[in-house]
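Report on the following structure.
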Amino acid sequence: MYNLPTNTKKWQFDIFLKKIFKKKTDAPFAQLLINVHPLPLFHVKSPIFLFYSASVRQGIVDSVKRALGDQKVKSVVICGQNGVFCGGADIREFGRQMSGPPLVPMIHDIEAANKPVVAAIEGSALGGGLELALGCHYRISHSKAKLGLPEVTLGLLPAAGGTQRLPRLIGVPAALNLITTGRHVTAAEALQLGILDHVTEHNTVDVAVKFALSVTGESLDGRRISSFSCAPLSDLDSLFEEAMLKVRGAARGAIAPVACVQAVRAAATLPYAQGMEREKELMATLFHSGQARALQYFFFAQRAVGRWSTPSGARWDTSQPRPVRKAAVIGLGTMGRGITVALAQAGLSVVAVETHAKQLMEAKKAVPSMLKRGAVRGGTTIEPDSITYSETVQAVADVDLVIEAVFEDMALKEKVFQQLSIVCKPDTLLCTNTSSLDVDHLASQTRHPELVVGMHFFAPAHVMKLLEVVYGRRSSPAAVATAMQLGKKMGKVSVAVGNCRGFAGNRMLKRYLEQAFFLLEEGATPELVDRALEEFGFPMGVFRMSDLSGLDVGWRVRKADGLADTSLTGTSARVRQGCRYSPLGDLLCEHGRFGQKTGRGWYQYDKPGGRVAKSDPWLHNFLDEYRARHGLVPRCIDQQEVLERCLFVLINEGFQILEEGIAAGPEDIDAIYVFGYGWPRHRGGPMFYADMVGLERVVERLERYHQAHPNVPYLQPSGLLRRLVANGSPPIHKWRNVIKNRNSQL
Ligand SMILES: CCCCCCCCCCCCC/C=C/C(=O)SCCNC(=O)CCNC(=O)[C@H](O)C(C)(C)COP(=O)(O)OP(=O)(O)OC[C@H]1O[C@@H](n2cnc3c(N)ncnc32)[C@H](O)[C@@H]1OP(=O)(O)O
């Protein structure tokens, strides 16, 4: 297995590459690399495929053991392969029966070695990868590497000694920050924090090898982090109380950040061995939790949405995006400005068009300051002349792609698309930022409907991560691929969805809002509904959210749809097209209550534009009078009903969307809801939540509510949901099979 050649006369690296594990179908394999030198050095080349799997751990254990047992070996260097040290544990293994050597003793053995062990970090040292490096006696890194303990983002904590070693190495406050946020740090920051001993611009392994040889024989007493004490702090109790408050405030019910604080506290207050016990206990509670499952599902779901497909057969891997160097934005209201900023931040040259002189003038001031703020936050620079402004659409004649962001009015958008079709190059991609209007209809206004897609941004467009890319019936695969790629370049999570009213996100939201209104009619208050949703983990309940985004937005849409008619009386006041309808939102708007911007909405605010929502006695009186007028007897509504009514109806619409092929898979809907609508990530997204709750239960509750409210057709379980239950409620990763059988135009 491990031979030292006898002819090593001069300084040299003779590399013996041995595959000690063959690649299995889905498991990473390890390679052992032995560098031999007159002052022999053992060079453990670890995970070839980035992540620890059982076989990779076994490879490291075996090779370290051999190195330590060989008297001729004086120092050891551990590095990764293909420029990556280690991205941590193989997350897919967490869902299975775990086998192979555990990480904790492996890292302990490395730390306990009586020969210097040096970590040579390139690419990433994340999670268990960084924990391995912390077990080494020295850490040398390339300047471009990134390091971090992101376990908290997977619903876990760094349970291979990370919570105990990091605070001992860099102090409690810095370790708390890294472990509770899971953020990645650059090598420069890691050096400054004291995680690294040295950062190099050169070949990291060469530097580490030289270094390892230079410290051969030196005492390792001061190099074993587990033997350190945490730097003393004057008021440990208040530090941890503050940390806990901060973490609980930001966590919205996620348990891992709280456990991380508890584990770091153990490092600060207990001897190392006891701290490790505490780390293990806390990890055991997290490891099998629903939240860890949800977060790990979501980790892969985010990546799955990039592998988009459409019912017409277009796919991410067969559709070629077009290069986009110069783009235009039409309409510089709030959305248009945000999109302009996001395009410029992505390095594109942008033509920003606004036909109203006043609005253009305002945009010319607002956009540069938004860019400046973004640059300060992100430490980036923006080419000052990357944006040109114009008052006429003619200015977009030579751009590769246009994003229309004018007022949400079909007649206006039609006109813009007709104009664009004349002004632009024949191959320019024409995109609309509509949040619900018919993309096919807009495409029909142009000479090249195959070049029309929706790019639905979320406000503020330069901040929010979500982008719905809406393909129409005639959108070409290249057009979809181009919009998806541009979204990625803008740092967005782009999700491809089909064309229907409200697309995926807003279509589902409509059902959720309707239920919230119905609950008010039946006796709930905005406070009760919001509390239930916020305790579930939404950053804001539905009414606080409506106040923030403006009640007039939905009112305008309902008016355009002929729904917002408050002149109707008697039973017809609360019925539209044979279905239950609540005019509550319309009535509030008629009272001039548009939410935060008018200082009144579902709540009251100290002034127009105020942010702090306060309960409003006027609103409660208004609700009482409304119920009395319509003969509605208020009843006691509990939080469970709020959650079931609001969330299950939204989920049901999600199944309908999957059934119709508007979204290709549950991951798409979950990514839309987490990135665009504040669905708590630790609950995985609405479709994952349905899987967790149990599809049968979702059906049973929907049926019950539908019986109680037969004039709300959307409470009837969707056909797909029923079919999944009939198929034995397969786990979420198998739903696509059931969906595919149904929508098999593919
Ligand atoms: C009673 C019970 C008691 C139980 C107690 C159990 C004790 C168990 C103890 C275990 C202790 C373990 C401690 C360690 C934990 C960890 O290490 S958790 C993992 C931490 N690491 C991460 O979170 C890193 C995640 N990955 C990334 O950040 C990025 O992927 C990257 C490494 C920086 C690379 O980025 P990029 O180049 O942009 O590529 P991607 O597109 O993101 O990824 C490429 C593909 O690789 C897949 N992938 C990424 N990371 C992992 C991973 N850690 N495991 C498995 N697979 C991973 C990713 O999904 C991509 O694949 P596709 O999805 O097929 O595209």
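The values are calculated or read from the model by the stated rules, or taken from the named source; none is laboratory data. These numbers come from a predicted model, not from an experiment. As a convention, Cβ positions derive from the backbone with ideal geometry for all residues, glycine included, and neighbour counts pool all protein chains shown.
Per-residue answers, yes or no, for (1) more than 16 Å from the ligand (Cβ to nearest atom); (2) modelled with pLDDT of 90 or more; (3) not in a strand (DSSP E or B):
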{"site": "43", "(1), (2), (3)": "yes, no, no"}
{"site": "49", "(1), (2), (3)": "no, no, yes"}
{"site": "55", "(1), (2), (3)": "no, no, yes"}
{"site": "59", "(1), (2), (3)": "yes, no, yes"}
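Can you tell me which residue among 180, 153 is of a type in the set (S, T, N, Q), under 26 Å from residue 294 (Cβ atoms) and touching a Pro at 6+ places or on another chain (Cβ under 6 Å)?
180 is the lone residue from the list that is of a type in the set (S, T, N, Q), under 26 Å from residue 294 (Cβ atoms) and touching a Pro at 6+ places or on another chain (Cβ under 6 Å).
Quick check on this structure: which one of 139, 96, 66 is of a type in the set (Lys, Arg) and touching a residue at least 60 places away in the same chain (Cβ under 8 Å)?
None of the other options fit; the residue is 66.
Being under 30 Å from residue 430 (Cα atoms) and crowded, with 20+ Cβ neighbours inside 10 Å is true for just one of 496, 564. Which residue is that?
Result of the check over 496, 564: 496.
May I ask you to say which residue of 722, 704 is part of a helix (DSSP H, G or I), among the basic types (Lys, Arg), over 25 Å from the mean Cα position of the chain (by Cα) and surrounded by fewer than 15 Cβ atoms within 10 Å (Cβ to Cβ)? Break it down into steps so the answer makes sense when it comes.
Working: 722 fails: surrounded by fewer than 15 Cβ atoms within 10 Å (Cβ to Cβ).
Checking each option against the conditions leaves just 704.
Restricting attention to the stretch 110-122, does a residue exist that is in contact with a Phe, Trp or Tyr (Cβ under 7 Å, 6 or more places away or on another chain), more than 8 Å from the ligand (Cβ to nearest atom), not in a helix (DSSP H, G or I) and not hydrophobic (A, V, I, L, M, F, W, C)?
Yes, some residue in the stretch 110-122 is in contact with a Phe, Trp or Tyr (Cβ under 7 Å, 6 or more places away or on another chain), more than 8 Å from the ligand (Cβ to nearest atom), not in a helix (DSSP H, G or I) and not hydrophobic (A, V, I, L, M, F, W, C).
From the list 717, 710, 730, which one is buried (at least 18 other Cβ atoms within 10 Å of the Cβ) and outside any helix (DSSP H, G or I)?
Unique residue meeting the criteria: 717.
For residues that are under 13 Å from residue 395 (Cβ atoms) and either among the hydrophobic types (A, V, I, L, M, F, W, C) or buried (at least 24 other Cβ atoms within 10 Å of the Cβ) (or both), tally how many sit in the stretch 341-359.
Within the stretch 341-359, residues that are under 13 Å from residue 395 (Cβ atoms) and either among the hydrophobic types (A, V, I, L, M, F, W, C) or buried (at least 24 other Cβ atoms within 10 Å of the Cβ) (or both) number 5.
So residue 357 clears everything in (1) over 25 Å from the mean Cα position of the chain (by Cα); (2) under 22 Å from residue 491 (Cβ atoms); (3) among the small types (Gly, Ala, Ser) except one condition, right? Which one?
The number of the failed condition is (2).
Read through the list (1) surrounded by fewer than 22 Cβ atoms within 10 Å (Cβ to Cβ); (2) in a loop (DSSP other than H, G, I, E, B), then give the number of the only condition that residue 679 fails.
Failed condition: (1).
For residue 230, work out the one condition from (1) under 24 Å from the mean Cα position of the chain (by Cα); (2) surrounded by 18 or more Cβ atoms within 10 Å (Cβ to Cβ); (3) not in a helix (DSSP H, G or I) it doesn't fulfil.
(1) is the only condition that residue 230 fails.
Quick one: would you say residue 278 is touching a Phe, Trp or Tyr at 6+ places or on another chain (Cβ under 9 Å), assigned to a helix (DSSP H, G or I) and surrounded by 16 or more Cβ atoms within 10 Å (Cβ to Cβ)?
no
Taking residue 344 and the conditions (1) touching a strand residue (DSSP E or B) at 6+ places or on another chain (Cβ under 6 Å); (2) assigned to a loop (DSSP other than H, G, I, E, B), which numbered condition does it fall short on, given that it satisfies the others?
That leaves (2) as the condition not met.
Among (1) within 16 Å of the ligand (Cβ to nearest atom); (2) buried (at least 17 other Cβ atoms within 10 Å of the Cβ); (3) within 30 Å of residue 681 (Cα to Cα), where does residue 193 come up short?
Residue 193 satisfies all of (1) within 16 Å of the ligand (Cβ to nearest atom); (2) buried (at least 17 other Cβ atoms within 10 Å of the Cβ); (3) within 30 Å of residue 681 (Cα to Cα) except (1).
Looking at the structure I just gave you, is residue 222 assigned by the TED database to the domain that holds residue 175 and either within 16 Å of the ligand (Cβ to nearest atom) or more than 25 Å from the chain's Cα centre (by Cα) (or both)?
Answer is yes for this residue.
Of everything in the stretch 277-299, what is within 11 Å of the ligand (Cβ to nearest atom) and either among the charged types (D, E, K, R) or in contact (Cβ under 8 Å) with a residue 40 or more places away in the chain (or both)? Give them in sequence order.
279, 280, 281, 282, 283, 286, 287, 289, 292, 295, 296, 299 - these are the residues of the stretch 277-299 that are within 11 Å of the ligand (Cβ to nearest atom) and either among the charged types (D, E, K, R) or in contact (Cβ under 8 Å) with a residue 40 or more places away in the chain (or both).
Matching residues to (1) free of Cβ contacts under 8 Å to residues at least 40 places away in the same chain; (2) part of a loop (DSSP other than H, G, I, E, B); (3) more than 16 Å from the ligand (Cβ to nearest atom):
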{"residue": "104", "(1), (2), (3)": "no, no, no"}
{"residue": "108", "(1), (2), (3)": "no, no, no"}
{"residue": "132", "(1), (2), (3)": "no, no, no"}
{"residue": "147", "(1), (2), (3)": "no, no, no"}
{"residue": "157", "(1), (2), (3)": "no, yes, no"}
{"residue": "165", "(1), (2), (3)": "no, no, no"}
{"residue": "169", "(1), (2), (3)": "no, no, yes"}
{"residue": "173", "(1), (2), (3)": "no, no, yes"}
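Could you please let me know if residue 494 is in contact (Cβ under 8 Å) with a residue 40 or more places away in the chain and small (Gly, Ala, Ser)?
Yes.
Conditions tested, residue by residue: (1) more than 29 Å from residue 256 (Cβ to Cβ); (2) free of Cβ contacts under 8 Å to residues at least 60 places away in the same chain.
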| site | (1), (2) |
| --- | --- |
| 668 | no, no |
| 681 | no, no |
| 690 | no, yes |
| 701 | no, yes |
| 708 | yes, yes |
